[in-house]
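J.: Dumping the structure here so I can ask a few things about it.
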Amino acid sequence: MGAVTTLTVVVAAAIGGAALYRYIERRKRALSEVFHDAKAQASARRDAKVIDYERDPESGVFKPKD
């Protein structure tokens, strides 16, 4: 390959790498926001009542614990 071709390939690879990095960064930021929102909602529901179930050994049916 000639010098001009090599330079063109290197510049194209650098531009492609930068574009790929920006794409991954945007996806990572969007995913991070989703997890952050889910975490905020989970912590807001922390005071909610939880119904705990246990299995009845005789019938095998799950019933709320007393």
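Bear in mind that the values in this text are calculations on the coordinates, not laboratory data. The model shown is predicted, which means the values in this text are computed figures rather than measured ones.
J.: Under the Karplus relation 6.51 cos²θ - 1.76 cosθ + 1.60, θ = phi - 60°, what is the ordered set of whole-Hz ³J(HN,Hα) values for segment 12-26, x standing for Gly and Pro?
T.: Couplings: 5, 5, 5, 5, x, x, 5, 5, 5, 4, 5, 4, 5, 5, 5 Hz.
J.: Still on this structure: Would you count, across the chain, every pair of lysines whose alpha carbons are under 25 angstrom apart, provided the pair is eight or more residues apart or spans two chains?
T.: On the way: K28/K39; K39/K49; K49/K63; K49/K65.
Value for the chain: 4.
J.: Normalise the Debye intensity by I(0) for the chain, one equal point scatterer per Cα, no solvent, then take log10 at q = 0.11, 0.19, 0.27, 0.29 Å⁻¹ and round to two decimals.
T.: Result of the Debye calculation: -0.61, -0.85, -1.04, -1.09.
J.: Enumerate the calculated ³J(HN,Hα) couplings along segment 52-66 in order (Karplus 6.51 cos²θ - 1.76 cosθ + 1.60, θ = phi - 60°), each rounded to whole Hz, writing x wherever the residue is Gly or Pro.
T.: Karplus-based 3J(HN,Hα) across segment 52-66 equals 9, 10, 9, 8, 6, x, 6, 9, x, 8, 7, 10, x, 6, 8 Hz.
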